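A quick write-up on the structure given underneath.
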Amino acid sequence: MTARFKKYDYGKCDICDALMEERQIKQDFWVRGELIVIEDIPAGVCPRCGEKIVNAAVGRRIAEIIENKESMLNAPKLLVPAIKYAAEHAGV
């Protein structure tokens, strides 16, 4: 018999008051000068404005992942472009 789990109720968005929807997200973090991307995070996402929140248990798990240096060393690496913002070309 498979267990059924109740989804977390994220409630309404604090920004625009729309009902939050549960989704799996990717989230980036800067940790000790390194960019880290954690995938498949269960989160509440606002369908109207895009605000994202996680519950406390997920937040604690994210902190554990970030602090685990071994998992960071063994994780696949991504190559991302790094582009400098040039104010003189932005019309600012």
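The values are calculated or read from the model by the stated rules, or taken from the named source; none is laboratory data. Computed from a predicted model, the values in this text were never measured in an experiment. So basically every Cβ, Gly included, is an ideal-geometry build from the backbone, and we count neighbours across all protein chains shown.
When residue 13 is tested against (1) modelled with pLDDT under 95; (2) farther than 30 Å from residue 72 by Cα, just one condition goes unmet, and that condition is (1). Taking residue 81, is it at negative phi and touching a residue at least 24 places away in the same chain (Cβ under 8 Å)? Against the criterion (at negative phi and touching a residue at least 24 places away in the same chain (Cβ under 8 Å)), residue 81 does not qualify.
Within the range 33-49, residues that are of a type in the set (A, V, I, L, M, F, W, C) have Cβ atoms under 7 Å from residues that are crowded, with 17+ Cβ neighbours inside 10 Å in these pairs: 41/54; 43/54; 45/20; 46/13; 46/20; 49/13, counting only partners at least 6 apart in sequence or on another chain. Give the residues of the range 13-65 that are exposed (fewer than 12 other Cβ atoms within 10 Å of the Cβ), under 12 Å from the mean Cα position of the chain (by Cα) and of a type in the set (Lys, Arg), sorted by residue number. Across the range 13-65, the qualifying residue is only 26.
In summary, residue 66 fulfils each of the numbered conditions (1) among the hydrophobic types (A, V, I, L, M, F, W, C); (2) free of Cβ contacts under 8 Å to residues at least 12 places away in the same chain; (3) assigned to a helix (DSSP H, G or I) with the single exception of condition (2).
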